Structure formats: C-alpha cells, structure tokens
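The values are calculated or read from the model by the stated rules, or taken from the named source; none is laboratory data. What you are looking at is a predicted structure, and each value in this text was computed from that prediction instead of being measured. Every residue, glycine as well, gets a Cβ built from its backbone with ideal geometry; the counts of neighbours run over all protein chains shown.
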Amino acid sequence: MKTLTLSLMLLWSGFAAIAQQRPGLVKDEKGQPVHGATVIVFGTLQGASTDSAGRFVIHLAGLKDTVLLKISAIGYEDAKATFSPKQSADTLLITLKQKKNVLADVVISAGSFEASDEKKATTFKPFDLATVPASPPDEFKAVNELPGTTKVGETEGLFVRGGDATETKAIIDGLIVQDPFFGSVPGVAQNSRFSTLLFKGTSFSTGGYSAQYGDALSSVLVLNTQDVAQASSQSITLSTAGISGNITQRWDDNTSLALNARYTNLQPSFAINKQNYSYFIIPQGEGGNIIFRHKAKKGGLFKFYGSYDRNQVGLSVPYLSVNPLDNRYSLNGRTLYTNATYKVSLGKWALNSGVSYSHNIDQITFDSSQVQKADERLQARIVASRYIGTRSKLSFGAEGEDAHFSNSDSLARYALTERLLAAFAESEFYLGNRIAVRAGVRGESANYGHGNIAPRASVAYVVNPYSQFSAAYGDFYQLPAETYLYTNPQLSFEEATHYIVDYQYKKNNRTFRIEGYYKHYNNLVKEPDTTSFTAFSIDRIPPVGTQNSGYGYADGFDLFWYDKRSIPNLDYWVSYSYLDTRRLFQNYLTEATPTFAAKHNVSVVVKYNIPTTSVNLGLSYNYTSGRPYYDPQHAFLSDRTPPVNNIVFSGNYSWFVKNNLIALFFYCDNLAGIHNIYNYYYSADGNHHYTLTPPAYRSIYAGINITLAKRRTIMGINF
Amino acid sequence: MKTTILSFTFQLVTIVAKAQDNYQTEMRKNIDQLDTINNVNSINGSISFFTAAYGVKNDWHALYEECFAYIKLSKAVKSDEDKKAALQTAADLLDKLPQQNDEALVLKAFYAMNYLAVDHTEWQTYLPMLQEALQKAGTLNPDNPRVYFLSGIMKYNMPAAMGGGHDEGLTILKTAKEKFSTYQPADGLAPGWGRREVLQYTGK
C-alpha cells in the first residue's frame, strides 16, 4: 500500500512537472524563427528569451488563470499574448511584425548630400566636411568637392549642375544669406564669411530640394548652426592671413555667449606666395561676431548671430577695352549681418521662427569712376510642423522678404525694392514599409505682380537596409538678378524644372551613389538684339528691353564613392560629374554651353590620421575639363580652355600643454605649382586677349591656434 | 473578530514582504549573474528577466540592468548591424533612466564607449557624450568607482601623444581599485560591474 501511494505520488508529481511548463515559439511574418526575443509573463519576475529556433518555455507554477505575455525583439513591434495554463497544453505560437520605423531614418538621397550628427542615416558627419583640405576651412569649399559642382576658379560661389553661382542660395537656420562671400573682386574668388565651426549640420542640394526653400534655380546649401556651446573657452589664432580671437562663455547647460574678432591682412601670405596680380592695397579687413544661445526651461531655443565685417582690396585688373596696363580696381566693403531664430515645441507642434537683416555696402573705384553698390535685406519666416503618428510629418510655413538694392555712380543711380511673399506646405510620409515620400508645394508672389506655384516631390524606394532608389521632381523659381530688374522691373521669375533619379548603396561606412538628372530652364532673362558679348565686365548695367525669353537645359550624371572603413585611419571619397548644358540667356549671341560649365569634373579627397598621434593629413585632387571662352574670330563660345588640375595638401598637429590645446596647421593650394589657366578674355575685334590665371600658382597658408582650457577634467584627470 | 482582522492584516503584510524579498533576492541574483556572463543566449535571458522585473515594479534599477545587458549584448553579437541595433535599444532605455543619477550617467558613458568601439567615425558625437557623462557622474558622486574605471580605460586606450597611454591609464585604474575597496553601494540593488575588470587590469 505504502509503495502504491508512493508511486502514485511520484507519478502525480511527474505529471505536475510536465504540466508546469508551456512551450512557445516566436516567428516573424515570413515564418522565420526570431532569436533573442524577450518573452515576459506580465506582473511576475518570469522572463524567457528565445533560442536560435525561436523557442521559449514558460513555467506555470504560481500563475493565475489568465496569463499575459509581452513579447519584444529588436527590429519588431511589441506583441502581447494571453493563455490559460489550465486549458490545452499546445505550444504557444507568436508572430512578430517587423517594426516599421526601422526605416524611419530614410534620407531621400536624390539631389541631396547631408551632414548631421543628429540623423544617423546621413552620408557625412559635420566633421567630415569641416576637415576637407581647403585654406582656410570653408563649408562652401568642402561642398565644392561633392559631385554635381563645377569649380570655377575665378569666381566665388557654388556652380551646381550647369547653374551659375547666383542660382545657389546659402540658407542659415532657414533664412537666406544675401552676401555669403566677401565682396567680389574681378578674377579673384573670395572666401565665405562663415566659419565651419558655426555649423552642426549641412544639407547640400544638387537639385529637387524641399518646398521649404525658394528663390534659387539650381541649389540650396542649408546650414544649421550649433546650439548652446559645449564649454567655456578662449582661443587665439595666428596665421599668415591675420589674427583672430574667440571668447566663449557657457554659464549653465542652457546659455552661452561667444565673441569672435578678427584682423585679416594678407601681407605675410603675399610675402611667401608669389602673386600673379599686382596689388596696390593688400587684402585686409577686420570683423567680429556675437553668437548667443539660450535654451528656455520649457525647451525653447533662442539663437542670435550678429556680425560686422569690413574689407578692403586694391589691384590692377587688365581690362582689355580700356587700357591693359593700368586699370586700378579697389573695393571697400562693409557688411552687417544678423540672424535671430526661436524654436519651440507646443504640444505636438514644433514651431520655428526667425528673422534676419543684412546690409552690405561696396564702394568700388575703377580708375577714375566710383560706384557704390548697396543691398539691404530683411527676411522673416515661420514654420510649424508636427508628426502624425510616429512616421509622418507635416510642415507648413510662410516667409516674407523686403530687399533694397542700389547702384550709383557719378552718371546714374539705379534702385530697386524687391518684396517677396511665400507660403509652403510639405508632408513627409511612408507608403508601406519601403517607400518614403516627401511632397510639397510652394507659392510665391513678388511685388511687381508676378507669382508662381511650385510643386516639389521626392520619393525613395528602400530595397533593403543598404540600398535605395530615389527620384525627385520639382519646379524652381528665382527673381532675376537685381542688375536686370534695375532696367526692367517687369521681368518675371526665371524658372527651372528638375528631374533626378538616383541609386545609393550604403553599408558599414561605405557609400556608393549614382545619380542622373535633367534640368530644363525657362523664362531666363535675355537681352535684346545682342551683337557683342563681354564675358568680363565691371559694373555693367544691362540695356533696356530685356525679356523672359531665354531658355536652356542641363543634363548629366554624378558618381560618388565614399569609404571610411577599408583602410584604418583613412577616409577618402572620389566623385565624378558629367555635365552637358547649353543655354541662351543674358547677352549670349546664340545658344551655347556657358562659360562656367565644364563637361568633366573629378574630385578626390583623402584624409589620414597617423595612428597613435594627433597628426592629420589631407590631400585633395581636382580635375576640371576645359570651359568655354569666346574668341570673336571663332563661333560663339566654341573654344575650350585647357583643363585645370589642382592638388591641395593640408596637415595639422595638435597637442596639450597642461589644459591648453595647441594646434599647428598648414595648407598648400596647388602643391604641384601647375600653371593653370582659368579663362581667356578677348577684345571685341579678337585681336587681343588676356589670360586669366589663378591669383597665385602655389599658395601656402599656415598658422597656430591656441585654445585655453579646452580639456575636460574628470575627477581632476585631464582628458 | 479583532484577531481575525489582525491576523488577516498580518498575513497580507507577510505576503507583501515576501514578494518584496523575492524581488530583491531575484534582482540581486540576476544583477550579479549579468556581470559574469558574456554569451548571447545568457544575456538575452538577463534581458528577459529585467524586462519582466521592470513590468512588476517600475523600478529604475531593472531598467538600468536591462540597458546594461543590451550594451553587453552589443559586444557579444557579431555583425556591426546587430551591435548598433543593440546599442540603439540601450540608448532608448538610457533616455528613461533618471538623468541626474551618477550610476545612470556612468552607464551613458559606458554606452558611448561601446558605440565608439563599433563605429569610431562618429567620435564627434560620442566622445563628448562619454566625457560629459563621466564628468557629471563624478561631480554627483566622487566616490563612484565606475567613474574611475571608465576614465582609466579611456586613458589606457588613448594615444600617448594626446596625454594617454597604458601607464597613465593604470594609475587611474589603481585609484578605481581603491574606490572599489571602500565602495558603499547606495542600496541593495546597486550595480556591481567594473570591479572584476579593474582587478584584471591592476592585478589582485
């Protein structure tokens, strides 16, 4: 009897043991097992994880009648399941749905290069652009190493896909910058006014850009400034181009103020770099800026940037039609620029508002004539955006600008007031799991009665986490240059339509991209009865009788390969752009490839950090095939200059002395000293010509930067 | 009647206390276990436990350990993609932890350090994050040995030209060792990791 009882008891407990476990299986929608999924019995300390076959086991001891399971796994939507331990003992089957926001970070690549610390999917980090070899480091020069751009050595600005420099607008914190470069000097490209250190994010469009921006036919360079400074510091920089200083004060986590001042004088630089031009005023100037940031307790962020610059230069410009020997050109430029923005979240809405004001006066003396060019611009902008669900975003906003331009010399004064109002709406959303769409529309109205409605759309099809196809389309409008509006304010918007297709493969810090485009220009300004063409002119005011009758096209493709991984401590990219473009506009005699377009453009950028040292080396190589020039004895713009080759080398070394960082930097432009030719300017009869060369065949720029208390201390240990 | 109520109340208190004990015991056991394991399946098991534990108590210690487990998971899995996915989950959990807590800040630093190990090209974001988190943690609790542990590791792996190196690192790791020897955990569920690694570096 005892034995029987005992064996019965054993049997019972054996049954109990079997019934006290419930097996389960976790699969995905395709029926594949999910390894490493977390299964928890809600309200208890019991958790299980799935093995490589997707299996798990729940222990039933102590569980109630109804058990709630919560299942989660990386890359899948959370799931819930209930079962009753008392009912059937079948295996629990759980299916997980792939998480949709795995693709939430899609950056539509058509027509866009983005550098951001905040978005993970971008090809670049801001640092990648800040370290492009250029003297001095300049966001515009860095972007000029990307596909879709043509290098035009004699002029500042970004020439994007057959567009001239005025077709690209620089936008800081949403607001257009009227004068991003120092005052233009014939034949000598000027630097931009803005240090790369100002920006935490850059988005460079080569076409098909967002409806949020306008007044640019070809491209926008969208720059977002840094938030509250990371730490207080003081620094001083001494270089062959001058001296500058910075004081940054950060009070708490929420407020910072930076003061920068500079004095520039190229005397030391000219002493070591032989110049091809003769200067009677060495380029010099001074300037300063104030950067204030304040984060409000409730999350609003206020940013203010204000700068004032004064620059001066005087040089002989061999200007053919007057007197090749003595054409003294001098410029005295003064620029005030301010930009204030406020960003705040109001419930589900994010509100971005901003206002900017700039005032620029250039006093130009050319031989005996004196010209004053001035522009003044006020812009205000407000954008409201919100997420709908977790993946769709809706933005709309409005902006207005009031700009005044004038050009006066002893004979005439031209003046112009330009008012532009714009409103836009844009939505970013997903169609299913693989298609991301950005669609928007922008309407603009100018004070002379012209208006436009511009649709924009781009779409990305995600093939797999590494590759995507994307396409973009849009209409883009821009008011004609002020010199044209002076003599004919009735001119309407110039127009371009972009079509872009793109394939991108991006995996493990390697990016490959190929992109093809077609761009159609309409309503370009055309001068009447053009009989002569001058490629090079100072203070030329076009004749009356201009019309929006010009047109043109640009097509081509870009290749881009960026590798941050294959070779330790070395980053490099290679870009190639093919450009085919023709247009009839301005004072062109016939439809032709414009003087600022090159068919083949190659850029190679290599950056290397010598391991276990703080030595960074950079090298860039550029090839620009010949650009058109006009010899009146040949067909219009049928001749090509020789190609331009350039190698830039840069190096820097930094070390700490106590808490202070000392950095030495060195740049050499045109390392090989190649005698490049930028362009030829012919006299009207074609008997004389002038060869436009770079301002110097080889330029060295070097300096030292000392930053005090840059180091962070952790528990009294310096890092 | 009084007795019944009293005994009922007593029973209730006992049950609650038992549940409390059980939570504390199981948590401590799993916290200590997580410190010693390195393979994917065991770490996944830990993650499951701490997820369940957080569901029971909404106690940040469970969230902390779950986050720590995901960071450990990023080291255990093979592909960069899986590593980044594990770190992304850890980052989401970090956001839910108390922000002004020295242990949570140390964990954030540990996260940044592991992110850098996977992808050093993003140092512009993660190096300042690592330094800032350690600095804040050290300010909040100068006796937290893990601040010294991570600082030591950081210095140990830093190029000599930048003021780092093995010797410099070891000096700080020795301080970490001392701090561990006098370390008073804030409570019964305080994290315990770092001690073994410090001893490996400095010798016992």
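At-a-glance table
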quantity	calculated
Residue check for A:P568: surrounded by fewer than 21 Cβ atoms within 10 Å (Cβ to Cβ) and either in the same structural domain as A:S549 (by TED's automatic domain parsing) or at pLDDT 95 or above (or both)	yes
Condition met for A:Y697 (surrounded by 17 or more Cβ atoms within 10 Å (Cβ to Cβ), more than 14 Å from chain B (Cβ to nearest Cβ) and more than 30 Å from the chain's Cα centre (by Cα))	no
Within region A:32-52, considering residues that are within 8 Å of chain B (Cβ to nearest Cβ) and assigned to a strand (DSSP E or B), the one farthest from the chain's Cα centre (by Cα)	A:V41
So A:T255, is it in contact with a helix residue (DSSP H, G or I) (Cβ under 6 Å, 6 or more places away or on another chain), surrounded by fewer than 20 Cβ atoms within 10 Å (Cβ to Cβ) and hydroxyl-bearing (S, T, Y)	no
Residue in region A:526-544 that is assigned to a strand (DSSP E or B), surrounded by 16 or more Cβ atoms within 10 Å (Cβ to Cβ) and away from chain B (no Cβ under 14 Å) present	yes
Residue within region A:205-217 that is crowded, with 22+ Cβ neighbours inside 10 Å and in contact with a Leu (Cβ under 6 Å, 6 or more places away or on another chain) present	no
Selection status of A:N687, away from chain B (no Cβ under 14 Å) and either at pLDDT below 95 or in contact with a His (Cβ under 9 Å, 6 or more places away or on another chain) (or both)	yes
Single residue of region A:549-565 satisfying the filter (buried (at least 20 other Cβ atoms within 10 Å of the Cβ) and at pLDDT 95 or above) that is farthest from A:T131 (Cα to Cα)	A:G550
Hits in region B:133-171 - residues which are of a type in the set (V, I, T) and either surrounded by fewer than 17 Cβ atoms within 10 Å (Cβ to Cβ) or modelled with pLDDT of 95 or more (or both)	B:T139, B:V147, B:T171
Residue match in region A:690-701 (condition: more than 27 Å from A:A142 (Cα to Cα), out of contact with any Cys (no Cβ under 8 Å at 6 or more places or on another chain) and not assigned by TED's automatic domain parsing to the domain that holds A:I272)	yes
Hey, A:Y667 in contact with an Asp or Glu (Cβ under 6 Å, 6 or more places away or on another chain) and either in contact (Cβ under 8 Å) with a residue 60 or more places away in the chain or not hydrophobic (A, V, I, L, M, F, W, C) (or both) or not	no
Residues being more than 8 Å from chain A (Cβ to nearest Cβ) and farther than 22 Å from B:D32 by Cβ - total across region B:59-81	3
Whichever residue in region A:170-194 is part of a strand (DSSP E or B) and under 19 Å from the mean Cα position of the chain (by Cα) and, among such residues, is surrounded by the most Cβ atoms within 10 Å (Cβ to Cβ)	A:A170
Complete set of residues in region B:106-163 that are facing another protein chain (nearest Cβ under 7 Å), among the β-branched types (V, I, T) and under 30 Å from A:T123 (Cβ atoms)	B:T121, B:T125
Set A:A446, A:A454, A:A496, A:A481: member being under 29 Å from A:T417 (Cα atoms), in contact with a strand residue (DSSP E or B) (Cβ under 9 Å, 6 or more places away or on another chain) and surrounded by fewer than 17 Cβ atoms within 10 Å (Cβ to Cβ)	A:A481
Criterion violated by B:K78 - all others in (1) crowded, with 20+ Cβ neighbours inside 10 Å; (2) free of Cβ contacts under 8 Å to residues at least 60 places away in the same chain satisfied	(1)
Criterion violated by A:V602 - all others in (1) closer than 18 Å to A:S218 by Cβ; (2) within 23 Å of the chain's Cα centre (by Cα); (3) free of Cβ contacts under 8 Å to residues at least 60 places away in the same chain; (4) crowded, with 17+ Cβ neighbours inside 10 Å satisfied	(1)
Cross-chain or 6+ apart pairs with Cβ under 7 Å, region A:120-135 first and under 13 Å from A:L617 (Cα atoms) and assigned by TED's automatic domain parsing to the domain that holds A:I514, then modelled with pLDDT of 80 or more and aromatic (F, W, Y)	A:P133/A:F649; A:P133/A:Y667
Residues satisfying the stated conditions in region A:365-423, i.e. touching a helix residue (DSSP H, G or I) at 6+ places or on another chain (Cβ under 8 Å) and surrounded by fewer than 16 Cβ atoms within 10 Å (Cβ to Cβ)	A:T390, A:R391, A:A415
Qualifying residue in region A:49-61 (condition: without any contact (Cβ under 8 Å) to a residue 24 or more places away in the chain, crowded, with 20+ Cβ neighbours inside 10 Å and farther than 30 Å from A:E515 by Cα)	yes
Single unsatisfied condition, B:A90 versus (1) at pLDDT below 95; (2) more than 9 Å from chain A (Cβ to nearest Cβ)	(1)
Single unsatisfied condition, A:T5 versus (1) within 14 Å of chain B (Cβ to nearest Cβ); (2) at pLDDT below 90	(1)
Failed condition for B:T171, given (1) at the interface with chain A (Cβ under 10 Å from one of its Cβ atoms); (2) touching a Gly at 6+ places or on another chain (Cβ under 9 Å); (3) touching a residue at least 24 places away in the same chain (Cβ under 8 Å)	(3)
Filter result (within 14 Å of another protein chain (Cβ to nearest Cβ) and not β-branched (V, I, T)) within region A:599-652	A:K607, A:Y608, A:N609, A:P611, A:S614, A:N616, A:N652
Selection count where residues are away from chain B (no Cβ under 11 Å), at pLDDT below 85 and assigned to a loop (DSSP other than H, G, I, E, B), scope region A:92-107	3
Failed item in (1) aliphatic (A, V, I, L, M); (2) within 14 Å of chain B (Cβ to nearest Cβ); (3) not in a loop (DSSP other than H, G, I, E, B), with A:A81 passing the rest	(2)
Total residues in region A:545-574, condition in a loop (DSSP other than H, G, I, E, B) and under 30 Å from B:L116 (Cβ atoms)	6
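To keep it simple, each residue is scored yes or no on (1) of a type in the set (S, T, N, Q); (2) within 14 Å of the chain's Cα centre (by Cα).
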residue	(1), (2)
A:D78	no, no
A:T82	yes, no
A:Q87	yes, no
A:L92	no, no
A:V107	no, yes
A:F124	no, yes
A:E139	no, yes
A:P147	no, yes
A:T168	yes, yes
